[in-house]
Every structure is written in structure tokens, then in C-alpha cells.
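The values are calculated or read from the model by the stated rules, or taken from the named source; none is laboratory data. Since the structure is predicted, the reported quantities are computational estimates derived from the model, not experimental observations. Ideal geometry is used to build each Cβ from the backbone, glycine not excepted, and the neighbour counts take in all protein chains shown. Only protein heavy atoms, including side chains, enter the accessible area calculation; ligands, DNA and RNA are left aside. Shrake-Rupley method; radii C 1.70, N 1.55, O 1.52, S 1.80 Å.
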Amino acid sequence: MHNFLLLCVLFFNAGVGIYYGLLNGVYSILLSIALISVIRQTKKSKYIEDQLWLHSNEIPPVSIIIPAYNEENVILRTVETALNQEYSAFEVIVVNDGSTDSTLQKLIDTYQLQKTNLLYRDILKTQEVHSFYYSKDIPNFLVLDKEQGGKADALNAGINSSHYPYFCSVDSDSILDPKALLKMMIHVIENPIPIIACGGDIRVLNGMNHPEINTNLPELPDKMLPMFQIVEYLRSFLFGRIGWNAMNGSMILSGAFSLFLKDAVIRSGGYSRDQVSEDLEIVFKLQKLYTHENKPYKISYALDAICWTEVPESLHELGHQRRRWQAGLFQACWKHKSMIFNPRYKTVGLFVIPYFVLLEAPGAFIELLGFIVMPLAYWLGLLSVEYFTLFILFAIFYGVFLSSATILLEEMTIKRYPSWRHLIRLLSYGVLEHFGYRQLNAWWRIQAMYKFLFTSYKWEYVHKLGKSEIKSLKK
Amino acid sequence: MQKILIFLVAIVTISIVGIIVTTFLRRWLHEKRFSRLDRLKVEYEERLEQILKSDDDEISSLRQEIEADPLRFEALEEILFSNFSDDPYFLDTVERLGYIQKYQSIISSNTTAQTKAFAADRIGRFRDNGSIGLLEQCVANSIKNTDLVNAVFKALALIDTDDALKAIITLLPDVLQHRSISQKNAGMVLSTFSSTHLELLLEACGKYQKMQEKEAQLVMLGVISRCDSTSQSIQFCLDILQSEDAEVCVRSLRHLSNVSIENSFDLSTVIEMLNHPKWFVRVQAIRVLKHRLGIYEASKYLFLLKDSAWQVRRNFAEMLVSHKTNALDSMVQIIKGDDNYAKEAIAEAIQMEGFFTELLSYITPESVYYHSAKIILIYLNEIGLVDLENNVDISSYPELTQKTIMELLTEKESKNA
């Protein structure tokens, strides 16, 4: 038994060494690529001429689709920022997915909506649509009221009712920068390779109010949990997504703000109702569709198209969200397992999905095992305290290095947090997150893995408090 | 192993310190730089009027001043951009200050493509017609560089002269072939010339057709399709309709659909397009014919209401409904039929064309259209498209009409019950 345990611990140690080596190697590569991309992007921003596009006939019209379920606290600000986009031709479609609160009534009252009857063609099958509401004063605004069917169903209903060749999915708790849509579309249409889907840059809204976003003077939240998430979002978007995007391996487009070619989504069958992360899975479907059709395409990420979203402020909500994300990732990877290590899917099949499955997914599990194996190794006399301390130090310092590097990337790009106080706080939270927050995340990921393997997992809406309530904009 | 770990921890620690120092230093330097830039901009804003009136000696000393200090160079440049004027004297001052010369030398040098793209952008903003040849040459030498090609094309669009357009026309087939610019982007650049340079655009399109540069031809036709028409452009588009390419046809038809209704032209070629195998060509042909075909002629094409593409059915239905009372008989004929697609298309078109309120006014036994209007209203009510409470102010109709409408709708409801 003793020998067996000894062997197990030795194998575990070797495995952990290889795992961390690979993981940190990938992170370092992604960071280096992101740095090069950011430098290029910064130079490019000095000569990009947006204004030519703003009034051009060549810019395609876009349907902004906002699915909403019990969002009475936040829906108005989201609609207002969507309607205030600096863009020549767009429509805003809110899909009220069977809300039981006053979401619909608030929209009716604020925009003086009138009920109307339109023929509804369910090109993508959805739950029944009860009625349509329109505003006489705002002709590009439409509200659909439908039976509850989940976010995927609501998005499909929005697609069915949209009129334009591109649609943009926006979460009902998100705020778009006034130029977000324009920036994203410029990115899409200036690319000679057809971009069929494009994600925007998601930032944390908590702690700010709306007018401040327009004047580029955001504030950081006072609470710790949103602060950790700000650093996390910066890291995820500024080096993770930029890095993968530069390698043509964009797989995760945030549901909070992404743009799609409508025809491509319809041909892929629309959003899947059986998926926990419908926004992730649709990208898998698009990759498959275009690879099978052998058409040139690109799925991309627009660094300068910014959307602000509210993040959970309680551990309960955060845990709920993280479990959903992780379970969604497992579910999508499992459903599309034929793509893993399939050279037909190039970067995505050979690197990105294997990275999710082999490096990202087991991370939490390895961390948990570490808590069991390390005392065991100590008991077996296999653990050198110096070695252990150095390893932990390295793991923490490398994490701090990644966070600090991301904050530098943020400085070099959008620089949305202009004061010195912001900078110091961001850097501090980049260090603090390694003491408790990361471990909590690991625990939620393990719970998600358990749920995925042993229980059924359904899509659920996350309730938004609308704490970052905003002042109304003048129409 | 331990030594390796110590080494790694040391490297990472140094990197963290390096990054943090860089971040703080960068921010501090930027703050310093931008506050000085702001001060200089205020200074030059105040001096601008005087600068524009300066003689050669004064300009020469100012040039020395800004060339010695890059921040002064940038500050004055930004002020010149924000106060830009097409006045020849203004442009001459810009040139004498050395901006054009500097950017021209960057474009001619062996520097990176991004630096050249930046210089091209600046030349474009200063609308320097004299640099067009250089910009053209620059693209020809780096035809595969997307960033540079995009920047030069936009610069040429900003310059907005015949010469700039000619340069784009020359470069377009090659850059499209090398995938260094998207069709949309090329279209956007060309559309800045469209209103005043239609003749040149038509000439270029004809040239591309002869050269069989299909992609360039499509881009050019896309731009032409959105221009105001002339007799020359109408004839050009009618001629080009003979093409077998559906994309070419659809763009030509789009231009023809923008021709004002007072200008008539031969419709025979357009009518032929109603039988085109591609649905989007049929849709576009219907749009051209919408207000040009009388109800008698339009009725000959009722088969389009059974088209496999809903877009065709809907557009044709809208065309039919646009004839309003003249088309009532045709509408009734379709509604009495068993083709649900056609019926729905008509119902939707009645809404889209805003004919519903007019239709309600005929719901009175006194109206000659009463029977037809009644059949249509009953059908619309059956498929749930009538919502008098929310959509129509029924009190605005005469009392008899109101009564008849309510009777019709209640009759239907009691039948359902």
C-alpha cells in the first residue's frame, strides 16, 4: 500500500509539473502574441478613419437583439444605449421571454409602445410569440412578447423577426459604448476574409454610472468581488481572446455582445435550446458549418468594440454563473467532440478545443487533488518544504505576472481606467485574487464538472440587480 | 529542480517589477506628454490666424521650430486638421510648413507598412492632390498589405478629386484579386466620389467588363446602383442586364429601381428578369417595376405570388397592393384561393403599404368596394392581423362604417365561440 501511494504521489507530481509547464507555456505564447497584436492595434488606431463609414451606404444594417427575462431593473438603460448607437441603420428588438415582473410594462410605458400584429415566421422553431409592440416615435424599435423558452429561444425569436443581414446579441444587463456597433462592423467589413461572427470587448459595469461611460471617466466598484472580476475580464479579453484571435482560433464570443451573419446562424440551425452556454455552442456550430461547406470565413474579436456588463456581486450569484459557464464549456465540447484533434478544423480543432479540454477543464480538479496529495506526500516523506514553497511561489507569481501584464495591455489600448488610484487598485487585486478568489473559482468549476457528469443541467437566467442604476439619457 | 524553480521565480519576479515600473512610467510619460501637447495646441490655436497670414520667412522659422520638436509638429498638425479649409492659401501653408514633404518622404522610404499607412492617412487628411502618384506607387509596391491598402484607399477618398478616383480605378482589380481590401471597403471608398463622378464610374465599370475583372465590376456597379441616375447610367444598366451573372443583374436593377418615376425607360429587359432563376434578381426586378407597371400588366405575373422564395412573394404582393383599389379584385381572387403563402403575402403587404386604414373606410354598404373590402377584412381578422383596439382609431370613421366593421368582427368572434 505504502509503495502504491508512493507511486501515485510521484506520478501526480510529475503530472502536475508537465501540466503547469504546458499551461504556463500556452499562457506565455498567448501573452506574447497579444502584446504584438496590441502594439499593432495601437498604431493602427492612429490612422483608422471611422467617420467615412458612419454615413456610408456600404455599412450593412444590423438588428440588435436583446433577450430579457425579469429584467425590470436594468432593461431601460440597455435599450437606451442600444437605441443611441452612432450607426446609420439599425433596429433594436427586445424579446420579452415570458417575464413575470414588469419588464414589458416598463418598456410599454417608457416608449409608449402600441400593440401590433405582425406575421411571425418561425424559420427557427421557437415557443409561441404572443404579440408585438412598436413605438410610433422610434420606428427602429420592436418588442416581442413570447412564451418563456430560455435565452436561446428568445434569441431565435429575435432572429426570426429581424430584418437585417447581421444581428447583434446583447444581454439585457449590458450597456453598449456609443460607437460599439460601428467599431465592430468596421472590423467585420474591412476584413477581406468574410467574418461570420465577431465578439466585442466586455468590461465590468459595476461601480459606474452611465453618463460617466460617455465621458470616459469610469469609476471602479468598492466591493471586492466585482474588482476581482474586472482583473479577470481584462485578462480573459486582453490576452486570452486577442491571442487566440491572432491565431485564427476565436471560439468564445461573449453572449453579452456579439455580432453574427444572420444567414450563417440560420443555416447552422440557430441557437440550441438544450445548451447551457448557447453563445459558446453557436460558435462550434458555425465552425462546423463553414468547414464542411469549405468556404472562406473568419470568427473574430474586435478589441475596440466595448460593451459594459454587470457582474455578480454576491458569492451565490457568482458561483451560479461560473458553474453555468464551466458546464456550458463541457457540454459544447462533448457535443462537438468530433472536432477535437481533427485537422480539418485547423487551429480550432488542433489547439483551441484540446486546450479547453486538456488544460483548462482539468485545472480545478488538479488544484483540488493538490490539497489531498500534498499532505499525503508530506506524510510519506516525499515533500520537500522548500520545493513546495518554491512551487507555490512560482504559481502565484506567474499569476500575478499575467495579471500585471494584462493591466499593461489595458494601458496600451483603451485605457478606460484613467486615474492613478484605478491603476494601483487594479494591480493590487491582481495580487489579492490568488488568495481565496482563484480557489473559490476552482471549487465552482469542480461543482460544474460534477453536475455535468452526474446530473442534468438546464439553462437558467441570472437575476440582475441593476445596482449600477443609471440616469436616463435625453432622447 | 529546486535551482530551476528558484531561477524561474526570480525571472517572474523581475518581470513583474519590470511590468509594473513600465506601466507606471508609461502612464507618467504619457500624462506629461499629453498635458504639454494640450498646452501647445492652445498656443497654436491662438496663433493660427497669424500663421496663415505669415510670409515665407516667418513660415520658414516656424518650420524650423516644429521640425526641432515632434510634439510641436503634432500639436500644430492637429490644429490644422481641426481648422481645415480647402482654401488654396491654407493648403499652401501646410505644404510650406513641411508636412506634405515629411509624409511623402516616409512613404518613399523603407519604413514599416504601418508607418507608411499613417503617413498616407495624414496626406489624405491634408487633401494633397500632388501625392496621388506616390500613394498609387506605394500600393503597387505593397499590394498584399491590407492595412496599407486600406489606409491609402481612404486617403484617396479624402482627397476626393478626379485624379484620386482614377488612381483607385487603376488599383482596384489588383487589390481585390490579392484580397487586400474587402468589396465593402472598396465600395465605401468609391461611394465618396459617387455623386459628382458618375461618368468616370460608368467608364471604369465598362472597362472592367471588357477586361473581365468581375469583382471590380461588381464593386463599381454596387456604387453606381446607389447614385442618382442619368440617361447615360440608365442605358448602361439596361445594356448590362444582358449579362448572365446574377450579381451584375441585381446591381443594375438596383440602380434602375432608384430612377425617379418621371423618367421612363424600356421595361422589356426588366420584365424578362421576373423569370430569372435567382430569387434576388426577381425581387429586384419587381422593385424596379413596382410603380411602373399598371394593374393590368401586373396581373399577368400573379404566378409570382406562388414563388418558392418568400421575398419574391412579399415584394410582388406589395407591388400589387400599391395599386390599392385598382387591385382589390386581384387581392380578393388570391384570398379566396387556397394558396396560404400568397394569401399571407397579400395580408402582410396590406400592412406594409399602409393600405389597412383605407381598406376600413370601404367597410360600409354605401361603398362600391364594400364586398371586396369585407372579404379582405374577414381574412385579416381570421389570421389575427386585426387589432382595432391598438392599431386603428376607429372613431375617425363615419358612424355607419364603424358599425359595419364592428358587426363584421363580432360576427366572426361569435362564429369562433
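Descriptive notes on the structure:
- Inverse mean reciprocal Cα-Cα distance (Kirkwood Rh) of segment B:296-417, Å: 14.7 Å
- Over 22 Å between alpha carbons, listed pairs A:Lys183/B:Lys32; B:Lys290/B:Lys343; A:Lys151/A:Lys223; A:Lys125/B:Lys278: A:Lys183/B:Lys32; A:Lys151/A:Lys223; A:Lys125/B:Lys278
- Carbon and sulfur %, accessible surface of segment B:254-318 computed with the full protein complex present, 1.4 Å: 50 percent
- Full-extension gain in nm, B:Glu78 to B:Glu382, via 0.36 nm per residue minus C-alpha separation: 103.0 nm
- Top positive-direction residue, dipole computed over chain B with Cβ charges, set B:Leu238, B:Phe118, B:Leu91: B:Phe118
- The trypsin sites (Lys or Arg not before Pro) of segment B:32-124 that meet both conditions, a loop assignment by DSSP and at most 10 other Cβ atoms within 10 Å of the site Cβ, are B:Lys53.
- Å² per residue, accessible surface of segment B:296-417 at 1.4 Å: 51 Å²
- Diffusion coefficient (Stokes-Einstein, Kirkwood radius over C-alpha pairs, 10 °C, 1.306 mPa s) for chain A: 68 µm²/s, rounded to a whole number.
- Protein heavy-atom accessible area occluded, A/B pair - total, 1.4 Å probe, Å²: 4900 Å²
- Average other protein chain Cβ within 10 Å of Cβ, residues B:147-156: 3
- Label zone (B:Thr13, point 7 Å along Cα-to-C-beta; backbone nitrogen cut-off 16 Å) within segment A:398-420: A:398-401.
- Projected-area average for segment A:289-370 over all orientations - Cα convex hull basis, square nanometres: 7.9 nm²
- Using a cut-off of 24 Å between Cα atoms, the listed pairs A:Lys115/B:Lys336; A:Lys262/A:Lys298; A:Lys298/B:Lys144; B:Lys41/B:Lys102 include A:Lys115/B:Lys336 as exceeding that distance.
- Across A:Ser56, B:Ser395, the residue with the most accessible area heads the list, and the full order at a 1.4 Å probe is B:Ser395, A:Ser56.
- Calculated FRET efficiency for the pair B:Ile143/B:His291, C-beta based, R₀ 60 Å, to 0.05: 0.85
- Per residue, the accessible area of segment A:300-355 comes to 38 Å² when a 1.4 Å probe rolls over the protein heavy atoms.
- On the basis of the beta-carbon distance and an R0 of 41 Å, B:Met1 and A:Thr347 show a calculated FRET efficiency of 0.75.
- Charged side chains reduced to their Cβ positions (Lys and Arg at +1, Asp and Glu at -1) give chain A a dipole of some 900 debye around its Cα centre.
- Förster radius 22 Å - calculated FRET efficiency between A:Asp137 and A:Gln51 (Cβ-Cβ, nearest 0.05): 0.20
- Residues in segment A:284-300 that a label on A:Ile193 would reach, taking backbone N under 13 Å of a point 7 Å out along Cα→Cβ: A:291, A:295-300
- Charging the Cβ of each Asp and Glu at -1 and of each Lys and Arg at +1, and nothing else, the dipole of segment B:311-385 about its Cα centre rounds to 40 debye.
- Cα-derived Rg over Rh, computed across segment B:174-228 with Rh taken as Kirkwood radius: 0.95
- Farthest toward positive dipole pole in segment B:296-417 [+1 Lys/Arg, -1 Asp/Glu at C-beta], among B:Gln351, B:Leu305, B:Tyr370: B:Leu305
- Cα convex hull of segment A:174-309 - mean projected area over all directions, nm²: 8.8 nm²
- Percent antiparallel among DSSP beta bridges (both partners in the protein assembly as shown, rounded to 5): 45 percent
- Taking the convex hull of the alpha carbon positions in chain B and averaging its projected area over all directions gives 36.5 nm².
- Placing a label point 7 Å from the Cα of A:Arg121 along the Cα-to-Cβ line, the residues of segment B:248-288 whose backbone N sits under 18 Å from it are B:278-287.
- Accessible-area composition of chain A, carbon plus sulfur, in percent [1.4 Å probe]: 61 percent
- Part-to-part distance (alpha-carbon centres) for segment B:344-390 and segment A:61-137, which is given in Å: 27 Å
- Proximal aspartates and glutamates to B:Lys184, defined as alpha-carbon separation beneath 17 angstrom and excluding residues fewer than eight positions away on the same chain: A:Glu49, A:Asp50, A:Glu58, A:Glu190, B:Asp147, B:Asp174, B:Glu213, B:Glu215, B:Glu247
- The calculated P(r) of the protein assembly as shown, using every Cα pair and 20 Å bins from 0, goes 12, 38, 35, 13, 2, 0 in percent.
- Per residue, the accessible area of segment A:195-297 comes to 29 Å² when a 1.4 Å probe rolls over the protein heavy atoms.
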